[in-house]
1. Are any residues in segment 1-10 in a helix (DSSP H, G or I) and exposed (fewer than 12 other Cβ atoms within 10 Å of the Cβ), and if so, which ones?
2. For residues that are within 13 Å of the ligand (Cβ to nearest atom) and within 22 Å of residue 215 (Cα to Cα), tally how many sit in segment 1-22.
3. When you look at residue 87, is it surrounded by 13 or more Cβ atoms within 10 Å (Cβ to Cβ), touching a helix residue (DSSP H, G or I) at 6+ places or on another chain (Cβ under 6 Å) and within 24 Å of residue 125 (Cα to Cα), yes or no?
4. Being out of contact with any strand residue (DSSP E or B) (no Cβ under 8 Å at 6 or more places or on another chain) and without any contact (Cβ under 8 Å) to a residue 12 or more places away in the chain: is that true of residue 192 here?
5. Is it true that residue 222 is over 21 Å from residue 105 (Cα atoms) and either under 19 Å from the mean Cα position of the chain (by Cα) or assigned by TED's automatic domain parsing to the domain that holds residue 128 (or both)?
6. Residue under question is residue 75, and the condition is that it be in contact with a strand residue (DSSP E or B) (Cβ under 9 Å, 6 or more places away or on another chain) and surrounded by 21 or more Cβ atoms within 10 Å (Cβ to Cβ); does it hold?
7. Would you check if there is a residue in segment 198-216 being modelled with pLDDT under 95, within 27 Å of residue 16 (Cα to Cα) and loosely packed, with under 13 Cβ neighbours inside 10 Å?
8. State the number of residues belonging to segment 90-142 that are under 10 Å from the mean Cα position of the chain (by Cα), at positive phi and more than 9 Å from the ligand (Cβ to nearest atom).
Ligand SMILES: C[S@@+](CC[C@H](N)C(=O)[O-])C[C@H]1O[C@@H](n2cnc3c(N)ncnc32)[C@H](O)[C@@H]1O
């Protein structure tokens, strides 16, 4: 049975997909006949989009069984024509051996939750064909105004950056049944903009495209201006869109 809130989230994902592709500007990939991995596919909206746009085979992986159950039922009930193209799997990327190499890897709003990004990029490199590319778009980044995704329950923007982790954890544990030892236990990677740049630069990939602060929201104009000031950059940069190329 499909729950309404899952279907609503999936439908919202369809709108978000359009924004995702738009943010790569004129660097959008050619999806025709491509073997594609969606890392952190969630409800599966991006996988359906890839199939619709001509991908040959789409593998969507995620850790969350509940999301994958929705993705599979939704595929069967509402997108039956793509059943032979899309394969949703409950898999942890780092513990998975894929039978075939991919032409492309796409990943949307997942890197800000990925604790071990250097390992993830190494795995991406291993499972991509030569000349293959990663299209990654993600945010909000931890140091931006809502970079805690509301998970620290502090309610005010940037408070998670201003307050010490020790205090945040103590307060959180007081108010919740399941306690945490560190902020990362809330599923947040805590990487800064600087960290991401270093991780991408240190990986084997060539950074073909890298852009920040992609949004249509009117307030984003102010954020974009403030992000140009060096010491404010970390706090006013909220997302990253990048393309990583496996050259050889
Ligand atoms: C915020 S969700 C984004 C889902 C979807 N891409 C979207 O845009 O709606 C991030 C997803 O990444 C998945 N994820 C995180 N690390 C993963 C890993 N190592 N292997 C597979 N999936 C992972 C999580 O389970 C989660 O569902």
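1. Restricting attention to segment 1-10, the residues satisfying the condition of being in a helix (DSSP H, G or I) are 4-10.
Correct list: 4, 5, 8.
2. Counting residues in segment 1-22 that are within 13 Å of the ligand (Cβ to nearest atom) and within 22 Å of residue 215 (Cα to Cα) gives 14.
3. no
4. Values: out of contact with any strand residue (DSSP E or B) (no Cβ under 8 Å at 6 or more places or on another chain): yes; without any contact (Cβ under 8 Å) to a residue 12 or more places away in the chain: no.
No.
5. On the way: over 21 Å from residue 105 (Cα atoms): yes; either under 19 Å from the mean Cα position of the chain (by Cα) or assigned by TED's automatic domain parsing to the domain that holds residue 128 (or both): yes.
Criteria met by residue 222.
6. Working: in contact with a strand residue (DSSP E or B) (Cβ under 9 Å, 6 or more places away or on another chain): yes; surrounded by 21 or more Cβ atoms within 10 Å (Cβ to Cβ): yes.
In short, yes.
7. Yes, segment 198-216 contains a residue that is modelled with pLDDT under 95, within 27 Å of residue 16 (Cα to Cα) and loosely packed, with under 13 Cβ neighbours inside 10 Å.
8. Going through segment 90-142 one residue at a time, the tally reaches 1.
The values are calculated or read from the model by the stated rules, or taken from the named source; none is laboratory data. Not measured: the values here are computed from a predicted model. Don't worry about glycine lacking a Cβ; one is built from the backbone with ideal geometry, like all the others, and counts go over all protein chains shown.
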